[in-house]
């Protein structure tokens, strides 16, 4: 299963479901990096250091970061979901469909 780093804006309920699906998810809270207004560039660098794919709902900024720095362990940008379990399943399915997460930008949309 995948190793993720969830950006601060990412729903903790979805993290819970991803963990139940077998993914290793490190949150900003777990890493002691929450409520610090850490710039997105630093979020990505931390994920790279930890060899984790970023999962975020901050689509615009992380798509830009991918274009500027395509060398990473994956970036998964999601639209806002209120069905946290459905979001986890869509991320899970997208990761299973991708041959590799490394250097990939994966977009997850609501139905």
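Coordinate-derived values only; no laboratory data. Just so you know, these numbers come straight off a predicted model, no measurement behind them. Cβ placement follows ideal geometry from the backbone for every residue including glycine, while neighbour counts extend to all protein chains displayed.
Brief remarks follow.
- Condition check for residue 59: in contact with a strand residue (DSSP E or B) (Cβ under 6 Å, 6 or more places away or on another chain), within 21 Å of residue 90 (Cβ to Cβ) and free of Cβ contacts under 8 Å to residues at least 12 places away in the same chain: no
- Given (1) out of contact with any helix residue (DSSP H, G or I) (no Cβ under 7 Å at 6 or more places or on another chain); (2) within 13 Å of residue 3 (Cα to Cα), number of the condition residue 98 does not satisfy: (2)
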